[in-house]
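Input: a single structure, listed below in C-alpha cells.
The values are calculated or read from the model by the stated rules, or taken from the named source; none is laboratory data. This structure is a prediction, so every number in the text was calculated from the model and none was measured. Here the Cβ positions follow ideal geometry from the backbone for every residue, glycine too, while neighbour counts run over all protein chains shown. Remember, those area values only see protein heavy atoms, side chains included, never the ligands or the DNA or RNA. Shrake-Rupley method; radii C 1.70, N 1.55, O 1.52, S 1.80 Å.
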Amino acid sequence: MQQAMSMVALLGFRLQALPSALSRPFSCAQDVLRRTPLYDFHLAQGGKMVAFAGWSLPVQYRDSHVDSHLHTRQHCSLFDVSHMLQTKIYGCDRVKLMESLVVGDIAELRPNQGTLSLFTSEAGGILDDLIVTSTSEGYLYVVSNAGCWDKDLALMQDKVKEFQNRGNDVGLEVVDNALLALQGPTAAQVLQACVADDLRKLPFMTSAVMKVFGVSGCRVTRCGYTGEDGVEISVPAEEAVHLATALLKNPEVKLAGLAARDSLRLEAGLCLYGNDIDEHTTPVEGSLGWTLGKRRRAAMDFPGAKIIVPQLKGEVQRRRVGLMCEGAPMRAHSPILSTEGTVIGTVTSGCPSPCLKKNVAMGYVPSKYSRPGTQLLVEVRRKPQMAVVSKMPFVPTKYYTLK
C-alpha cells in the first residue's frame, strides 16, 4: 500500500501502523488512479480509499482493520479484488504456451482444477505469482497481480505473438469482469444459499461457472489470500454491485479492505509480490520450490530452469523464513542480525498478529540460519530485539479439501 496510516489499538498493544505493505507514501494522485466497478459502492459504505498498484481501493471501512481481520477469521468478509489481472488463454496450444512461461505442470491439471504458479525469467527470478485454472470450457483462466499488470500482459501477449508466428493455435483475451473474494469459515455456507451447485463438491483450487444470486456466467473458484476457506467470484462488471449488496444482506458478511487482507495473508505465510518475492528471488530462495512441477523439473524446460533446478538439491545462499517476536513490531526493511550482532538479512513484511498477539514477519537469511527455532535479532527503531525463526503459516490454514 502507498499511504501511511494512524495507530490502531489492539488487545493491550498498539498497531503503530498497518501492515508493512500498506505503509508506503502515495506515488500518484487520486485523480489518475484506476477504479473498480465497486468504487462508488465503497464510498457509500464508508470505505477509506487509498492508492494501491495504480488503483483506488478501500484500505478499511467503518470497522477497524483489526475488527475486520478477526471477523474474517471467525465469520467471513467480502473483499474487492477487481484490480487483479484476469485473462483467458485459448486455442489448442494454450497449455504449451503457458508452460513456456511458468514453472508449473499445467498439462496435468484436471478440468476446472487450478494451481499457483510463477512466471520466471531466464535468470531464475520470479516475475510474478499467478493462479492458472484449466477450465472445462476449453481455455486457461489466469489471475495475476495488479502491480504487475502491464508486465504480465506484455509477457503473455509477446509469447502469444511468437507462438502465432510459428503457426500455433493460441490467443489471449483480457477479462473485464469484477472479482470479489468471500473469505472465512462461513463463506461456503453463505454462498451455498444463493447458488444451485453443491459447493461441497468444489474443493480448494477448483473452479466452476454458475449462477450466483441470479447473475449468470459467474466463475467461482475455491481459493483466496487469507488462509481461510473461501471463494473468488469473477462476475460481469455491471453486476458487481448487485452481487456485493446481496451478499452483505447476510449478517455473517462484512466488507474488508487492503489492511485486513495484508495482515491475514501474512499470518497465513503467503507472499506479497514486490515485498517478499521479486525478479531477484528464485523460487527456491523464496521457499516456493513446491510450485515446480515434477515433470517440469525433470525436463528443465521452463525459463530459468538451469539455475533453479540445481538449487533444489544444493544449497542456496538465502531463504525466506518466518519470524516471531514480542515487543515492537518488525517492519519491512528492518535488519536481521545474528545473535552476535552481525547483519545477515532483511525483513520483507511484518505486522502484529491480531490472532496470536505476537509480532510476525517474513524475511531472508542465509540458509544456515533458516532452521525453525533459530534465535536471531531484529533491529527495530535502532534497537535489537530477540526474534525466533518460525514455521509458516503462523496461523493454521483452513482450506477446504475433499476427504
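Residues in segment 195-206 that are under 16 Å from Leu243 (Cβ atoms) and either open to solvent by 70 Å² or more (accessible area, probe 1.4 Å) or modelled with pLDDT under 95 (or both): 1 in all. For segment 311-331, how many residues are of a type outside the set (Val, Ile, Thr) and either over 18 Å from Gly125 (Cα atoms) or open to solvent by less than 40 Å² (accessible area, probe 1.4 Å) (or both)? The number of residues fulfilling the criteria is 13. Residues that are closer than 18 Å to Ala332 by Cα and part of a strand (DSSP E or B): does segment 247-258 have at least one? No, that holds for no residue. The condition of being crowded, with 23+ Cβ neighbours inside 10 Å and outside any loop (DSSP other than H, G, I, E, B) holds for only one of Leu191, Leu155, that being Leu191. Scanning segment 207-222 for residues that are in a loop (DSSP other than H, G, I, E, B) and surrounded by fewer than 21 Cβ atoms within 10 Å (Cβ to Cβ) returns Phe213, Gly214. Would it be correct to say that Val160 is touching a residue at least 24 places away in the same chain (Cβ under 8 Å), within 15 Å of the chain's Cα centre (by Cα) and within 19 Å of Gly91 (Cβ to Cβ)? No, not satisfied.
For the residues Glu315, Glu340, the requirement of being of a type in the set (Asp, Glu), more than 17 Å from Val102 (Cα to Cα) and free of Cβ contacts under 8 Å to residues at least 24 places away in the same chain singles out Glu340. Condition first: in a helix (DSSP H, G or I), surrounded by fewer than 19 Cβ atoms within 10 Å (Cβ to Cβ) and charged (D, E, K, R). Now tell me which residues in segment 273-310 satisfy that. The answer is Lys294, Arg295, Arg297, Lys306.
Residues of segment 34-83 that are aliphatic (A, V, I, L, M) and either open to solvent by 20 Å² or more (accessible area, probe 1.4 Å) or over 26 Å from Gly274 (Cα atoms) (or both): Leu43, Ala44, Met49, Ala53, Leu70.
Mind checking whether some residue in segment 227-241 is more than 20 Å from Leu101 (Cβ to Cβ), part of a loop (DSSP other than H, G, I, E, B), open to solvent by 10 Å² or more (accessible area, probe 1.4 Å) and out of contact with any Lys or Arg (no Cβ under 6 Å at 6 or more places or on another chain)? Checking segment 227-241: at least one residue is more than 20 Å from Leu101 (Cβ to Cβ), part of a loop (DSSP other than H, G, I, E, B), open to solvent by 10 Å² or more (accessible area, probe 1.4 Å) and out of contact with any Lys or Arg (no Cβ under 6 Å at 6 or more places or on another chain).
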